[in-house]
2 protein chains.
Amino acid sequence: MAKEEFLKPYRLAEILRPEIAESDPHEPIPTERQLAERFGVSRVSVRQALALLNEDGAIYTVHGSGSFVAPPRVTKQMKLLSFSQEMEVRGLKPKAKVLNVHLIESSTNRSDDWAGITEPTYRIERLRYGNDDPMSWEVSYIASEIAPDLLKQDLTGSLYTLLKNNYGQEIVSADEQLTPVLIDSATSTKMKLTPGKPGFEIHRHGFNVRGQQVELSRTIRRGDRWDFKYTVRA
Amino acid sequence: MAKEEFLKPYRLAEILRPEIAESDPHEPIPTERQLAERFGVSRVSVRQALALLNEDGAIYTVHGSGSFVAPPRVTKQMKLLSFSQEMEVRGLKPKAKVLNVHLIESSTNRSDDWAGITEPTYRIERLRYGNDDPMSWEVSYIASEIAPDLLKQDLTGSLYTLLKNNYGQEIVSADEQLTPVLIDSATSTKMKLTPGKPGFEIHRHGFNVRGQQVELSRTIRRGDRWDFKYTVRA
DNA sequence: AAGTGGTCTAGACCACGAA
DNA sequence: TCGTGGTCTAGACCACTTG
């Protein structure tokens, strides 16, 4: 079931990566035609492999001249990660404490808090920990038609994993909006912080492969424990 | 000099876009083989066109089944934009007021503020406006070997455009780091804000095609006028 | 079983850079 | 001019979904 697209290019990239790492920055790597012959694959596959290496900044390519070892860079590409995955990347143990869960029945004057989510919907309020430190406070909305019996599930782990494994709803893309805020006193208390500290407020809309909105969430993250790093291209 | 890669796929995508816009969400679009025949191009080109449409959320594809019209989404992909470009996207007129420019000669105990930039380097402190409102305060460092005579240039416009047109240094990728902060009183004064408001602090490293660091900057942006929206994928 | 998208190939021609 | 990467083709076979 491995979902490895572009098998040859991917494997080829992994073979080339250590070779590249040993060369000095701006040294040329073999030409595409040479690599194609050496590995017995088509030039198209070589080019896809080089494209992968280019994406994470291992090489750069100059039309008419060649491909070269890129000088070292640190920042990673931005990928969709659940909170749990993010913590694991940082080497911290993720945990969640459920503060409140309930089902919101059809409401006449519905709040915009869960606009786009079909009612009735579950509202899940949780505190998120990394190595027992409170890292963020979050409220998630998930339509009950998507995940019936959600209340019976264990909600102390990754919601994304739960949705995927128990309901076949994999979230493959998300729209997010970051706003810098002063963390209000109520949230500060819940997160055991001194009030008035800066943080991020994040609104997230999660979508499945079919572009249907599956999850909606609002998150407050403490600024002293969260940076937001990314690489952006022209 | 148009730098349009994938000419056929790109043009094909633009032709298909309006057709797709007229169909209902989740309606199937023609198969790849049908499109290839209809437009007299190879299936590979069709697939690249569909990939482009997929990237900006116009369609989604299901292996073994087909491609379908995606339900509407709002958020744009994140692209590298200069401040000036960002303002234009928002329909605001960009402007810069130069607060301070000078050349930093080789220093013995150099500050980490411009780590990675070759000395001597220019330090450019500017206030950035959108429609005459101060939007952000920024300090940029640019090595003098890259842009000699920078002091003689007009610095009230886009630095990126200036670097590209006058010095042949196009910045094609950047690493950024966002931190939520309370805007300090000195910066608040410069931006004519009441102190203690939340904002973003952004560190940016700009690179040319060869992966060489061309620009380094630190920016403070007011939180009440800046959101950070993006789409992220698995 | 038939039809769809997913991967890969071999080969052609174009556009650019360096000598 | 020659060698490089950039684009495109026609056709093959695989993997998946649906009837």
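The values are calculated or read from the model by the stated rules, or taken from the named source; none is laboratory data. Quantities reported herein were computed from a predicted structural model and do not represent experimental measurements. Note that we place each Cβ from the backbone using ideal geometry, even for glycine, and neighbour counts take in every protein chain shown.
Condition (residue is away from DNA strand D (no atom under 16 Å from the Cβ), closer than 30 Å to residue B:147 by Cα and touching a strand residue (DSSP E or B) at 6+ places or on another chain (Cβ under 7 Å)) applied to the range B:61-78: is it met by at least one residue?
Taking every residue of the range B:61-78 in turn, at least one turns out to be away from DNA strand D (no atom under 16 Å from the Cβ), closer than 30 Å to residue B:147 by Cα and touching a strand residue (DSSP E or B) at 6+ places or on another chain (Cβ under 7 Å).
With the condition being hydrophobic (A, V, I, L, M, F, W, C) and within 16 Å of DNA strand C (Cβ to nearest atom), I'd like the helices (runs of 4 or more DSSP H) fully within the range B:1-105 carrying at least 3 qualifying residues.
It comes to B:7-22, B:32-39, B:43-55.
Mind telling me which of the residues A:143, A:186, A:147, A:174 ends up being within 21 Å of the chain's Cα centre (by Cα) and in the same structural domain as residue A:95 (by TED's automatic domain parsing)?
So the residue among A:143, A:186, A:147, A:174 that is within 21 Å of the chain's Cα centre (by Cα) and in the same structural domain as residue A:95 (by TED's automatic domain parsing) is A:174.
I want to confirm something. Restricting to the range A:166-196 and keeping residues that are polar (S, T, N, Q) and closer than 26 Å to residue A:152 by Cβ, which single residue is nearest to the other protein chains (Cβ to nearest Cβ)?
A:169
So for the range B:148-162 (the condition being in contact with a His (Cβ under 7 Å, 6 or more places away or on another chain) and surrounded by 15 or more Cβ atoms within 10 Å (Cβ to Cβ)), does at least one residue qualify?
No, the range B:148-162 contains no residue that is in contact with a His (Cβ under 7 Å, 6 or more places away or on another chain) and surrounded by 15 or more Cβ atoms within 10 Å (Cβ to Cβ).
Would you point out the residue of the range B:46-58, among those that are of a type outside the set (S, T, N, Q) and away from DNA strand D (no atom under 16 Å from the Cβ), that is farthest from the other protein chains (Cβ to nearest Cβ)?
Once the filter is applied, the top-ranked residue is B:56.
Return yes when residue A:91 is at pLDDT 85 or above, more than 16 Å from DNA strand D (Cβ to nearest atom) and within 30 Å of residue A:18 (Cα to Cα) and no when it is not.
Criteria met by residue A:91.
Within 14 Å of chain B (Cβ to nearest Cβ), over 25 Å from the mean Cα position of the chain (by Cα), within 13 Å of DNA strand D (Cβ to nearest atom) and free of Cβ contacts under 8 Å to residues at least 40 places away in the same chain, is that true of residue A:31?
Taking the combined requirement at face value, the residue does not satisfy it.
Can you tell me which residue is nearest to residue A:211 (Cα to Cα) among those in the range A:125-161 that are in a loop (DSSP other than H, G, I, E, B) and of a type in the set (Asp, Glu)?
A:145
Quick check on residue B:197: is it among the basic types (Lys, Arg), in contact with a helix residue (DSSP H, G or I) (Cβ under 8 Å, 6 or more places away or on another chain) and within 26 Å of residue B:92 (Cβ to Cβ)?
Answer is yes for this residue.
Give B:163, B:155, B:159 a once-over and let me know the one that is at pLDDT 90 or above, more than 8 Å from chain A (Cβ to nearest Cβ), within 22 Å of residue B:104 (Cα to Cα) and in contact with a helix residue (DSSP H, G or I) (Cβ under 8 Å, 6 or more places away or on another chain).
Going through B:163, B:155, B:159 in turn, just one is at pLDDT 90 or above, more than 8 Å from chain A (Cβ to nearest Cβ), within 22 Å of residue B:104 (Cα to Cα) and in contact with a helix residue (DSSP H, G or I) (Cβ under 8 Å, 6 or more places away or on another chain): B:155.
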